[in-house]
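Worksheet: one structure, shown below.
The values are calculated or read from the model by the stated rules, or taken from the named source; none is laboratory data. None of these values were measured; they are calculated from a predicted model. Ideal geometry is used to build each Cβ from the backbone, glycine not excepted, and the neighbour counts take in all protein chains shown.
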Amino acid sequence: MDFKPENTELPAKGKLLISDPFMGDDYFSRCVILLCEHNDEGSFGFILNKFVEMDLTEVLEGVPEISNRVSIGGPVENNQLYFLHTLGDRLPGSAEIADGIFVGGDYEILRSLLASKTIDENSVRFFVGYSGWGEGQLMEEISFESWYVSEVGDLNLMDTSRDDLWSQAFREMGGQFTALANFPSDPSLN
């Protein structure tokens, strides 16, 4: 069994970063990150599978209550709230980062749409902070095999109810990567 299958995908806006099963970093262990930008100056994205233990109304005043969990986007600017959505042009100022997935836009319009319940609450997800890398930093971490890069594929990026996204992302990659999906958190306990 190959515990370090070759990954030839390159990071780009709209692709996923999946942490290596052996990553020793407690913060990024078993993380799946959606890259919102990757260029010569650096990269940033949001962790899709870690959550705060607070409702959105506890994180931000004046926002309507929704049932979606609030995600921990990363350690950078973790006093700020960010959001992804599938609303496209309905939120002026948003930018498409993957097929049908947008980042940012006019927050007041979003708040109004949520309050009036004219949009499905599953069309938006919120993040506290983001994950960021300086110039060349992400490529260095990939060269050290800390991250696997993948297409989004059939993963539902707006679903905050699942707790198995890390395993699911490896299964989506297929082939030799499928074995990594079942790798135990602590192999010594296996």
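Considering only residues that are among the small types (G, A, S) and in contact with a strand residue (DSSP E or B) (Cβ under 9 Å, 6 or more places away or on another chain), which ones fall in the range 4-27?
The answer is A12, G14, S19.
So which residues in the range 57-82 are touching a helix residue (DSSP H, G or I) at 6+ places or on another chain (Cβ under 6 Å) and among the acidic types (D, E)?
Correct list: E65 only.
Take the conditions under 22 Å from G14 (Cα atoms) and in contact with a Leu (Cβ under 9 Å, 6 or more places away or on another chain) and apply them to V128. Does it pass?
yes
Please give the number of the condition L155 fails out of (1) modelled with pLDDT of 90 or more; (2) within 12 Å of the chain's Cα centre (by Cα); (3) not β-branched (V, I, T).
(1)
I'd like the full set of residues that are buried (at least 16 other Cβ atoms within 10 Å of the Cβ) and among the hydroxyl-bearing types (S, T, Y), limited to the range 28-79.
S43, S71, listed by residue number.
If you take the residues in the range 80-104 that are surrounded by fewer than 17 Cβ atoms within 10 Å (Cβ to Cβ) and of a type in the set (D, E, K, R), which one is nearest to N39 (Cα to Cα)?
Step by step, filter the range 80-104, then rank; the result is E96.
Looking at the range 1-22 only, could you name the residues that are assigned to a loop (DSSP other than H, G, I, E, B) and under 13 Å from the mean Cα position of the chain (by Cα)?
K13, G14, K15
Can you run down the residue pairs with Cβ atoms below 7 Å, 6 or more apart or on separate chains, where the first is in the range 58-78 and without any contact (Cβ under 8 Å) to a residue 24 or more places away in the chain and the partner is of a type in the set (S, T, Y)?
E65/T57
It is to be established whether one or more residues within the range 64-74 are under 24 Å from D154 (Cβ atoms), among the polar types (S, T, N, Q) and not in a loop (DSSP other than H, G, I, E, B).
Yes: the range 64-74 contains one or more residues that are under 24 Å from D154 (Cβ atoms), among the polar types (S, T, N, Q) and not in a loop (DSSP other than H, G, I, E, B).
Restricting attention to the range 129-161, and to residues there that are buried (at least 19 other Cβ atoms within 10 Å of the Cβ) and among the hydroxyl-bearing types (S, T, Y), which single residue is farthest from L17 (Cα to Cα)?
T160
Are any of the residues in the range 41-55 over 29 Å from N182 (Cα atoms), at pLDDT 95 or above and either in a strand (DSSP E or B) or touching a His at 6+ places or on another chain (Cβ under 6 Å) (or both)?
Yes, the conditions are met somewhere in the range 41-55.
Tell me, which residue of the range 23-40 that is of a type in the set (A, V, I, L, M, F, W, C) and in a strand (DSSP E or B) is farthest from G136 (Cα to Cα)?
V32
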